[in-house]
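Here the structure is laid out as structure tokens; the discussion comes afterwards.
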């Protein structure tokens with residue numbers, strides 16, 4: 001564990017502990033971290049970690065496999081990275097509840113077919129990412145998703161019907177999209193509870 005602490009500190013990151021004194025959260029946002037740096041997680045098998053922020057790092061899909069031992073991971077931030085999503089084929093994040101891919105501009109539909117295998121996801125942040133309507137067809141497979149942020153993306157009214165069956169979805173943020181009130185009215189017919197968390 002000392003090796004991990006030393007690694008994070010050497011990169012200018014931060015570590016937090018939970019109430020039991022266990023290493024719980026790792027913040028490496030905007031740090032000089034690349035795929036090879038993640039070898040440390042393979043070596044140590046630190047499976048008590050619940051939160052990792054790798055936003056604005058050089059981590060790619062190839063590096064995700066090195067996080068496979070983190071079986072308790074609940075929140076993963078990969079915002080503003082070159083992630084496509086295909087790397088999720090190499091991990092089974094069964095505990096993952098929140099995933100941030102904001103400002104990711106290389107996401108692919110094939111990548112999302114792997115991402116949606118994280119079936120316990122409750123919150124998905126795609127703000128300012130390159131997603132469009134066809135991604136919603138995959139996102140709709142996340143039957144525990146409660147909150148979806150698609151602000152400032154290319155999603156339009158035409159993509160909303162993909163969400164019609166997501167009766168568990170409570171909050172949808174669509175600022176900066178071309179989605180109109182008319183489009184939302186059609187969605188509300190299927191998801192009457194959605195308007196309580198709607199942000200336009």
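The values are calculated or read from the model by the stated rules, or taken from the named source; none is laboratory data. Keep in mind that what you see is a predicted model, and the values were worked out from it rather than measured. As a convention, Cβ positions derive from the backbone with ideal geometry for all residues, glycine included, and neighbour counts pool all protein chains shown.
Quick check on region 46-64. Is at least one of its residues assigned to a loop (DSSP other than H, G, I, E, B) and closer than 17 Å to residue 119 by Cβ?
Taking region 46-64 first, the residues assigned to a loop (DSSP other than H, G, I, E, B) are 46-50, 54-60.
Now restrict to residues that are closer than 17 Å to residue 119 by Cβ: none.
No, region 46-64 has no match at all.
Report whether or not residue 145 is in contact (Cβ under 8 Å) with a residue 24 or more places away in the chain, out of contact with any strand residue (DSSP E or B) (no Cβ under 7 Å at 6 or more places or on another chain) and within 21 Å of residue 111 (Cα to Cα). Even if it seems obvious, please write down each step before you answer.
Details: in contact (Cβ under 8 Å) with a residue 24 or more places away in the chain: yes; out of contact with any strand residue (DSSP E or B) (no Cβ under 7 Å at 6 or more places or on another chain): no; within 21 Å of residue 111 (Cα to Cα): yes.
Answer is no for this residue.
Consider residue 79 carefully, then state whether it is in contact (Cβ under 8 Å) with a residue 40 or more places away in the chain and farther than 21 Å from residue 27 by Cα. Step through it out loud before you land on a result.
Numbers: in contact (Cβ under 8 Å) with a residue 40 or more places away in the chain: yes; farther than 21 Å from residue 27 by Cα: no.
Taking the combined requirement at face value, the residue does not satisfy it.
Given the condition under 29 Å from residue 32 (Cα atoms) and at pLDDT 95 or above, answer yes or no: does some residue in region 153-162 qualify? Before you say what the answer is, go through the steps one by one.
Taking region 153-162 as the starting set, the residues that turn out to be under 29 Å from residue 32 (Cα atoms) are 153.
Now narrow it down to the ones that are at pLDDT 95 or above: 153.
Scanning region 153-162, I find at least one residue that is under 29 Å from residue 32 (Cα atoms) and at pLDDT 95 or above, so the answer is yes.
Residues are listed down the side, and each one gets a yes or a no for (1) surrounded by fewer than 16 Cβ atoms within 10 Å (Cβ to Cβ); (2) within 16 Å of residue 96 (Cα to Cα):
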site: 14; (1), (2): yes, no
site: 24; (1), (2): no, yes
site: 31; (1), (2): no, no
site: 39; (1), (2): yes, no
site: 42; (1), (2): yes, no
site: 47; (1), (2): yes, yes
site: 53; (1), (2): no, yes
site: 57; (1), (2): no, no
site: 63; (1), (2): no, no
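If you scan region 85-95, which residues turn out to be part of a loop (DSSP other than H, G, I, E, B) and surrounded by fewer than 22 Cβ atoms within 10 Å (Cβ to Cβ)?
Quick first cut of region 85-95, residues part of a loop (DSSP other than H, G, I, E, B) only: 85, 91-95.
Passing the criteria: 91, 92, 94, 95.
Can you tell me which of 38, 70 is assigned to a loop (DSSP other than H, G, I, E, B), within 20 Å of the chain's Cα centre (by Cα) and within 18 Å of residue 91 (Cα to Cα)? Walk me through it before giving the result.
On the way: 38 fails: assigned to a loop (DSSP other than H, G, I, E, B).
On inspection, the qualifying residue turns out to be 70.
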